[in-house]
Structure formats: C-alpha cells, structure tokens
Amino acid sequence: QDTHEATCMWVVVKAQISLLHVTCGEQIMALKREIRELKVLHINSEEERKKSEEKLNELQRDVLLSAATLGDHRTVSLLLDRTGVPANFVHPNHGRETMLFAA
C-alpha cells in the first residue's frame, strides 16, 4: 500500500511539474513576443526622433539665414552656437552666399 501511495504521489507531482513546464514555456513565448514588439516600437520611435531632429535642424538653418539677412546678430550668434553650423555655411536655398556674407 505504501508503494501504491508513493506511485500515486509521484504521478501527481510529475503532472504538476509538466503543467508548470507548459505554463512557463507559454510565458516565455509571450515574453519573447513582447520583446520583439518593443524592439519594433523602439526602432520606429528612433526613426521618428531622427526625422524630428532633421526638421528642427532645417528650421534652425532657415531661421539662421533669416536672422543673418535681417542683421539680427544676437539670433545669428545664438543659432550658430546651438546648431554648430559654421559661419561660412552656405544655405541650400540661398545661392552661393555664406552666412557671413548674408549677415
């Protein structure tokens, strides 16, 4: 009778371990799927950040050209510092003139 009880308990324990193994496997698969989705979201977010940064840089260069053309030396100085654009920068929409020449 002790052998029978031990065998029954062993079967129950084995079934529980099997169930836990299946449950853990499902959770691992779900976590892997979530990680893949987060990686895609991160890549998309990074692309959007780069696009926004490019638009900001373009806008700053446009404002820099306008400030240089209007003779607003404070804004020119500020934007040259912020953008890292050299004073001899040639704006794409302003012919061959440098920022210094426009100012």
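The numbers here are math on the coordinates, done by the rules we state, and not lab data. Please read all numbers here as calculations on a predicted model, not as lab measurements. Neighbour counts run over all protein chains shown; Cβ positions are idealised from the backbone, glycine included.
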For residue 50, which lysines qualify as cross-link partners when the Cα separation must be under 22 Å and same-chain residues fewer than eight apart are set aside?
39
With point charges of +1 on the Cβ of Lys and Arg and -1 on the Cβ of Asp and Glu, referenced to the Cα centre of the chain, which listed residue (12, 23, 35) lies farthest in the positive direction of the dipole?
35
Helix 2-70 versus the longest principal axis of the chain: what is the Cα-based angle in degrees, 0 to 90, to the nearest 10?
0 degrees
What order, most packed first, do the peptides 11-18, 82-89, 53-60 have when packing is the mean number of other Cβ atoms within 10 Å of each residue?
82-89, 53-60, 11-18
Would you work out if the chain is rounded, prolate or oblate? Take a ≥ b ≥ c from the square roots of the eigenvalues of the alpha-carbon gyration tensor; rounded if a/c is under 1.5, else prolate when a/b is larger than b/c, oblate otherwise.
prolate
